[in-house]
Amino acid sequence: DTGVSQDPRHKITKRGQNVTFRCDPISEHNRLYWYRQTLGQGPEFLTYFQNEAQLEKSRLLSDRFSAERPKGSFSTLEIQRTEQGDSAMYLCASSFPAGGPGSEQFFGPGTRLTVL
Amino acid sequence: DQQVKQNSPSLSVQEGRISILNCDYTNSMFDYFLWYKKYPAEGPTFLISISSIKDKNEDGRFTVFLNKSAKHLSLHIVPSQPGDSAVYFCAPGTDKLIFGTGTRLQVFP
């Protein structure tokens, strides 16, 4: 299977703990995106990379959140000092460079985070 | 501010009939529009897209229509099948996608 993969699929943590999620994109794609989806809402953009460069961060991404893509392949999203409001589905997507047909984003299955 | 609105949270359609899902947006700078389908506990799956230079794009049972002057797009599914039951999101954008709140489609036999 050459789709986008995410690990873990589920994470339950206590408030105040740090968590880290991993995303492995489709190998040919040099763009990688992180989104967050809460109940009843559509996914909300968090940040994206082209190769190893982080090109944009949403204001939703507080200073407790950090994302990296050190070698331009997989990416990690870390949340420090988790809060109950961080409970959500965290989605990763990858694509070719943006610009119309052929640059559609393909999503992984997501990581469901529950903060107790 | 909600840049993308899907005003129908749910839609129920009989198998074989047409499903029409609607989406309104406010930002006239959007030039590329995508539709995604999402099953529970899965990530969104790309369905069909349309560029702002077109007003219609068709792929099998799925057709997307774009009315730029009204800032409105719609997804037509015909004939609808039970396997189409899912949540559908419209998502304008290029680098970052702006998702609507989704419409839950249920296709019943």
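Excluding ligands, DNA and RNA, what is the solvent-accessible area per residue of the range B:4-109 at a probe of 1.4 Å, expressed in Å²? Working shown, then result.
Details: 4980 Å² over 106 residues.
Ligands and nucleic acids excluded, the figure is 47 Å² per residue.
How would B:LYS71, B:LYS5 rank on accessible area, largest to smallest, probe 1.4 Å? Can you show the working numbers first?
Values: B:LYS71 60, B:LYS5 90 Å².
Descending order: B:LYS5, B:LYS71.
For the range A:53-90 and the range B:1-71, what is the separation of their Cα centres, given in Å?
Here the answer is 28 Å between Cα centres.
Leaving ligands, DNA and RNA out of it, report the carbon-plus-sulfur percent of the accessible area of the range A:38-80 at a 1.4 Å probe.
44
Working with all protein chains in place, sort A:PHE106, A:PHE21, A:PHE74 by solvent-accessible area computed with a 1.4 Å probe, largest first. Walk me through the numbers on the way to the answer.
On the way: A:PHE106 85, A:PHE21 0, A:PHE74 55 Å².
Largest to smallest exposure gives the sequence A:PHE106, A:PHE74, A:PHE21.
When Cβ neighbours within 10 Å are restricted to other protein chains, what is their mean count per residue of peptide B:88-94?
Values: counts 0, 3, 1, 5, 0, 3, 7.
Counting other chains' Cβ atoms within 10 Å and averaging over B:88-94 gives 3.
So which lysines pass the test for B:LYS5, namely a Cα distance under 28 Å, with those fewer than 8 places away in the same chain ruled out?
A:LYS57, B:LYS37, B:LYS38, B:LYS54, B:LYS56, B:LYS68, B:LYS71, B:LYS96
Across 10 Å bins from 0, what is the distribution of all Cα-Cα pair distances for chain B, in whole percents?
In whole percents, the pair-distance histogram is 15, 51, 29, 5, 0.
Could you sort the residues of the range A:101-116 by number and keep only those whose accessible area is reduced by 50 Å² or more in the all-protein-chain setting relative to the chain alone, 1.4 Å probe?
Buried-area filter returns A:GLU104, A:GLN105, A:PHE107.
Rounded to the nearest 100 Å², what is the sum over both chains of accessible area buried where A meets B, with a probe of 1.4 Å?
Result for this pair: about 1600 Å² buried.
In whole angstrom, and with the biggest value first, how far do the Cα coordinates of chain A range along each principal axis?
Result, largest extent first: 41, 24, 24 Å.
Mind checking the per residue accessible area of the range A:76-116 for me, 1.4 Å probe, whole number of Å²? Mind showing how you got there, number by number?
On the way: 1470 Å² over 41 residues.
Ligands and nucleic acids excluded, the result is 36 Å² per residue.
The values are calculated or read from the model by the stated rules, or taken from the named source; none is laboratory data. None of these values were measured; they are calculated from a predicted model. Glycine also receives a Cβ, built like all others from the backbone with ideal geometry; neighbour counts cover every protein chain displayed. Each accessible area value is taken on the protein alone, full model and side chains, heavy atoms only, with ligands, DNA and RNA left out. Shrake-Rupley method; radii C 1.70, N 1.55, O 1.52, S 1.80 Å.
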